[in-house]
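Below is the structure I would like to discuss, written out as structure tokens.
The values are calculated or read from the model by the stated rules, or taken from the named source; none is laboratory data. These numbers were taken from a predicted model, which means no experiment stands behind them. A quick note on method: Cβ atoms are made from the backbone with ideal geometry, for glycine too, and the neighbour counts reach across all protein chains shown.
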């Protein structure tokens, strides 16, 4: 899949499920359950507290990529270094997200052909991220900031494609999209560690279906 095709994929499906600290021996079952629930975008996040993250996160990305092929777009999350971006790309990631904006990491990811979603909060940070080459800017923490904040900043900088991440729920997901966000990233509210811990993958599929069935395109 080309970079432009990956961007189109994001714009079509809008919901990115965020898998954070999901054991590698459960990541493929998790991905399959989310896929069955209509999820087509999956972010597998680097755990910065794990000294083995440079091996374990790419291994998880590779395993899901091997299972799903191009049916599901797989990306890396919490990418804080160029080394992590390279490891993710080598494993088959198509996109990367970060909680912050680091121009060096953006440039590295762009050179690797990854779709980039650096994180920002204020209008100044959002514009700086976009000017550094971001394909989308991840507004974080969007749920804390609120939809009114999103509407306000989109007035003067509506030319910047943005996604909303951070405490996105069934109750506010469509509000953020209606406000002008190009997509939403949803972590534990969707990728339930409780259900995964119980190996209740049917329950995870049902939860995913609640989100995808209520998505207003």
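Tell me which residues, restricted to the stretch 21-37, are within 15 Å of the chain's Cα centre (by Cα), in a helix (DSSP H, G or I) and more than 13 Å from residue 209 (Cα to Cα).
Correct list: 31 only.
Looking at the stretch 136-146, can you tell me whether even one residue there is at pLDDT 95 or above, farther than 16 Å from residue 100 by Cα, outside any loop (DSSP other than H, G, I, E, B) and touching a helix residue (DSSP H, G or I) at 6+ places or on another chain (Cβ under 8 Å)?
no
Does residue 129 satisfy the condition of being at negative phi, crowded, with 23+ Cβ neighbours inside 10 Å and either in a loop (DSSP other than H, G, I, E, B) or touching a residue at least 60 places away in the same chain (Cβ under 8 Å) (or both)? Can you show your working first?
Details: at negative phi: yes; crowded, with 23+ Cβ neighbours inside 10 Å: yes; either in a loop (DSSP other than H, G, I, E, B) or touching a residue at least 60 places away in the same chain (Cβ under 8 Å) (or both): no.
Criteria not met by residue 129.
Shifting gears a bit: If you go through the stretch 63-78 one residue at a time, how many are farther than 14 Å from residue 19 by Cβ and free of Cβ contacts under 8 Å to residues at least 60 places away in the same chain?
Start the filter on the stretch 63-78 by keeping residues that are farther than 14 Å from residue 19 by Cβ, which leaves 66, 69-71.
With free of Cβ contacts under 8 Å to residues at least 60 places away in the same chain added as a condition, the list becomes 66, 69, 71.
Residues that pass the stated criteria total 3.
While we're on this one: Being under 16 Å from residue 23 (Cα atoms) and assigned to a loop (DSSP other than H, G, I, E, B) narrows it down to one of 58, 51, 99, so name that one.
On the way: 58 fails: assigned to a loop (DSSP other than H, G, I, E, B); 99 fails: under 16 Å from residue 23 (Cα atoms).
Going through 58, 51, 99 in turn, just one is under 16 Å from residue 23 (Cα atoms) and assigned to a loop (DSSP other than H, G, I, E, B): 51.
Taking the residues in the stretch 65-101 that are more than 25 Å from residue 128 (Cα to Cα) and touching a strand residue (DSSP E or B) at 6+ places or on another chain (Cβ under 9 Å) as candidates, determine which candidate is surrounded by the most Cβ atoms within 10 Å (Cβ to Cβ).
Going residue by residue through the stretch 65-101, those that are more than 25 Å from residue 128 (Cα to Cα) are 65-74, 87, 90-92.
Next cut, touching a strand residue (DSSP E or B) at 6+ places or on another chain (Cβ under 9 Å) only: 65, 68, 72-74, 87, 91-92.
Numbers: 65: 20, 68: 18, 72: 21, 73: 22, 74: 27, 87: 21, 91: 20, 92: 18.
This residue is 74.
On to the next question. Among the numbered conditions (1) touching a residue at least 24 places away in the same chain (Cβ under 8 Å); (2) buried (at least 18 other Cβ atoms within 10 Å of the Cβ), tell me where residue 141 comes up short.
Residue 141 satisfies every listed condition except (2).
Return the total of residues in the stretch 1-20 being closer than 26 Å to residue 176 by Cα and either over 15 Å from the mean Cα position of the chain (by Cα) or loosely packed, with under 15 Cβ neighbours inside 10 Å (or both). Spell out the reasoning first.
First pass over the stretch 1-20, keeping only residues closer than 26 Å to residue 176 by Cα: 3-20.
Retained after the next criterion (residues that are either over 15 Å from the mean Cα position of the chain (by Cα) or loosely packed, with under 15 Cβ neighbours inside 10 Å (or both)): 3-5, 8, 11-12.
Going through the stretch 1-20 one residue at a time, the tally reaches 6.
Filter the stretch 156-204 down to residues that are outside any loop (DSSP other than H, G, I, E, B), in contact with a helix residue (DSSP H, G or I) (Cβ under 9 Å, 6 or more places away or on another chain), touching a residue at least 60 places away in the same chain (Cβ under 8 Å) and closer than 16 Å to residue 138 by Cα, then give me how many there are.
7
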